[in-house]
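Peer 1: Got a structure for you, written out below as structure tokens; questions coming shortly.
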Amino acid sequence: STQSRSSAASDVYKRQVSTQSTGLFAMSTSYDWSSQDLGNILHFEHININVPNQGTAAIFYFEGLGLTRDPFEKVGTTYTWTNVGNQQIHLTIATTAEVIAGHIGLVVPEIDVIKLKLKTVETKLKDTQFKWCEANTAHDDIEYLPPGQAPLKFLSVTGPWGNQFRIYENKTLKMIGDLGIPYLEVLCPVGTASKIVQFYKKYFGAIGTLEKQGSVGRIRVGPWQQIIYRETSETIAAYTGWHVAIYVTDFSSIYNKFLSENLIFHQTRFPDRYTNLEEALSWRQFRTCDFVDDGKVIFQLHHEVRSLYHPSYRRPLVNRMGNTGIFCCQ
């Protein structure tokens, strides 16, 4: 009968997907039917950090990591926008470098190519904090490994001013387009990860999960994209103001939630201001920084929160490797 054929086809589909990998949210024998769900956060677009020297930054990001300078935006000497697939790292020239307490995860098409590039800049960056080595991640360090899979190899890279990167090959840590920032891991104080996850759920309508007895929180910020908060008992360097940019669907409601609790962030070097919804809609974005729990600030991370009507949303980006955006085979 039609019903029995439909049931049989469904059983075959379930058996097939239960043994497949879907990239960052790899499956084992039990399929997670919510693995492709996203909350109100649809895209994690960029990380913005200060660097004190544009020339040194160019050697590291463009020669060493093989990334591409955006040829259309911020082409002067004050800013450098670095394309990473459909995402970016924004570098702002300032007196003092900003260092993230945690690390940035990168996916590249071929890790051996990056190893050769890193070797070529060792002499140029010898008077900086730059260093790199090959390493293996522990099985429980990344959510995306199915049970029984061998640890993933990656390159552990320290940038000229101390920022940490983990670089994976797309063959082992899959991402659409072969190139991108699948995750950002941020260290947070003991006892805050669960509260941070609840904050994202309450104010952003995001999907978040907890692991390791609540000491690790993961926030889905787009397909194959996460911000990970990992608790540490070690001293965390004071937050210096670096920020992330995300795109949300329910923009006006999210803005009103933050406004109602006085959580709109205006103390930035940027000109945009959002004292009311009309201004936020005019700018197509707003900013927030303080994570609160029961009226108390428990953590800070500047978020540039954009609507899907922002002119930069899904703007095609030029890349010299991978197959996403405007691909230039050079």
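Peer 1: Quick check: with the 1.4 Å probe, what order do SER282, SER194 take by accessible area, largest first?
Peer 2: On the way: SER282 85, SER194 45 Å².
These residues rank, largest area first, as SER282, SER194.
Peer 1: Here's a follow-up. For region 236-304, give the share of DSSP beta bridges that are antiparallel, in percent and rounded to the nearest 5; count only bridges with both residues there. Working shown, then result.
Peer 2: Numbers: 7 of 10 bridges.
Percent antiparallel among DSSP bridges in region 236-304 is about 70.
Peer 1: Within straight cross-link reach of LYS115, meaning Cα distance under 23 Å, which lysines are found once same-chain residues fewer than 8 apart are removed?
Peer 2: Excluding near neighbours in sequence, the set is LYS124, LYS126, LYS131, LYS153, LYS171, LYS174.
Peer 1: At a probe size of 1.4 Å, how large is the accessible area of LEU263, to the nearest 10 Å²?
Peer 2: For LEU263, solvent-accessible area is about 20 Å².
Peer 1: Also, quick follow-up: Between GLN129 and PHE270, what is 0.36 nm times their sequence separation minus the Cα-Cα distance? Round to one decimal in nm. Intermediate results must be reported in sequence, preceding the final value.
Peer 2: Values: separation 141, 0.36 × 141 = 50.76 nm, distance 2.91 nm.
Fully extending the segment from GLN129 to PHE270 adds 47.9 nm.
Peer 1: Using a Förster radius of 30 Å, what is the FRET efficiency between TYR79 and ALA237 based on their Cβ-Cβ separation? Nearest 0.05, please. Mind showing how you got there, number by number?
Peer 2: Numbers: r = 24 Å, r/R0 = 0.80.
Calculated value: 0.80.
Peer 1: For region 174-330, compute the orientation-averaged projected area of the C-alpha convex hull (one quarter of its surface), in nm².
Peer 2: Over all viewing directions, region 174-330 projects a mean Cα-hull area of 10.9 nm².
Peer 1: What's the FRET efficiency of ASP32 with SER252 using the Cβ-Cβ distance as r and R₀ = 25 Å, to the nearest 0.05? Write down the numbers at each step before the final one.
Peer 2: Values: r = 31 Å, r/R0 = 1.25.
Efficiency at R0 = 25 Å is approximately 0.20.
Peer 1: Taking a virtual spin label 7 Å from the Cα of GLN213 along the C-beta vector, which residues in region 186-205 bring their backbone nitrogen under 15 Å of it?
Peer 2: Counting only backbone N, you get 190-194.
Peer 1: According to a simple spin-label model (label point 7 Å from Cα along Cα-to-Cβ), what is the distance in nm between ASN262 and VAL190?
Peer 2: 3.2 nm
Peer 1: Rounded to the nearest 10 Å², what accessible area does VAL216 have for a 1.4 Å probe in the complete protein model?
Peer 2: Here the residue's solvent-accessible area equals roughly 0 Å².
The values are calculated or read from the model by the stated rules, or taken from the named source; none is laboratory data. Only a predicted model underlies this, so the values are computations on that prediction, with no experimental measurement involved. FYI the Cβ positions are ideal-geometry reconstructions off the backbone, even for glycines, and counts take in every protein chain you see. For accessibility, only protein heavy atoms count, side chains too; no ligands or nucleic acids. Shrake-Rupley method; radii C 1.70, N 1.55, O 1.52, S 1.80 Å.
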